[in-house]
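Undergrad: Dumping the structure here so I can ask a few things about it.
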Amino acid sequence: MFSYEMLVNCENRLPEDFVPPSLAAPDIAFAADPSDEKRFLEVRAARHAKRLFDAAKAEGIFLYGISGYRSYERQEILYQKACCKSSAASSLCETAMPGCSEHQTGLALDVSCPAVSLNLSQAFSETAEGRWLARHAPLYLRLCAKISTMLSSVLGRLNLPELWGVMIAPGSPHSGWSAGRGSGSVTSRPAPKI
């Protein structure tokens with residue numbers, strides 16, 4: 001069974017062949033082709049993303065998924081591209097190295113809105129959509145706003161603020177999963193080396 005008790009970073013890498021056992025494309029607005037792998041999330045995470053996006057839409061907030069699941073290979077391409085553009089050493093590249101990204105778990109989703117041209121930028125946090133997401137996401141998901149530099153030592157890379165990223169996991173009031181023993185969670189405890 002898929003476990004949510006994992007920490008994914010450069011010290012706790014996922015293997016190249018890791019793929020969540022069940023991926024689904026949530027029925028949400030997405031800035032990607034229907035067949036693009038980045039539209040997919042772990043199946044239970046997809047349901048919770050849908051609930052969140054539906055709640056936003058009901059309040060006149062229009063969110064767009066930008067990037068969900070990323071294979072090891074896709075992350076490698078993004079990492080190489082980002083680090084080639086960066087004048088800093090690759091260890092300071094803002095994009096996670098392959099095997100070090102939460103996106104490979106199918107539990108991470110980058111979100112944006114038309115007000116910032118569907119870009120992933122700091123400006124998202126200043127939009128009505130960004131403020132709504134910050135207030136409401138914890139009711140439906142475990143929000144993982146990757147904004148503090150103190151996490152950079154945990155993540156093993158320069159951690160620039162990602163005010164557009166959410167981590168979808170059980171344990172929130174509306175998630176339908178209990179927080180008791182045996183339920184899944186995304187925690188800060190290191191998982192066993194894979």
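Undergrad: Determine, yes or no, whether ARG47 is of a type in the set (Lys, Arg) and over 15 Å from the mean Cα position of the chain (by Cα).
TA: no
Undergrad: Restricting attention to segment 112-129, and to residues there that are open to solvent by less than 10 Å² (accessible area, probe 1.4 Å) and at pLDDT 90 or above, which single residue is farthest from LEU14 (Cα to Cα)?
TA: Checking each candidate, the answer is CYS113.
Undergrad: Could you identify the single residue in LEU23, LEU63, LEU41, LEU78 that is more than 29 Å from ALA128 (Cβ to Cβ) and either free of Cβ contacts under 8 Å to residues at least 60 places away in the same chain or within 16 Å of the chain's Cα centre (by Cα) (or both)?
TA: From the options LEU23, LEU63, LEU41, LEU78, the qualifying one is LEU23.
Undergrad: List the number of the failed condition for PRO21; all other conditions in (1) at pLDDT 95 or above; (2) open to solvent by 80 Å² or more (accessible area, probe 1.4 Å) hold.
TA: (1)
Undergrad: If I filter segment 27-84 down to residues being aromatic (Phe, Trp, Tyr) and assigned to a helix (DSSP H, G or I), which single residue comes out as farthest from SER112 (Cα to Cα)?
TA: Result: TYR72.
The values are calculated or read from the model by the stated rules, or taken from the named source; none is laboratory data. A quick note: this is a predicted structure, and the numbers were derived from the prediction, not measured. When we count neighbours, we look across all protein chains shown, and the Cβ atoms used for this are built from the backbone with ideal geometry, even at glycine. Note: areas computed on protein heavy atoms with side chains; ligands, DNA, RNA excluded. Shrake-Rupley method; radii C 1.70, N 1.55, O 1.52, S 1.80 Å.
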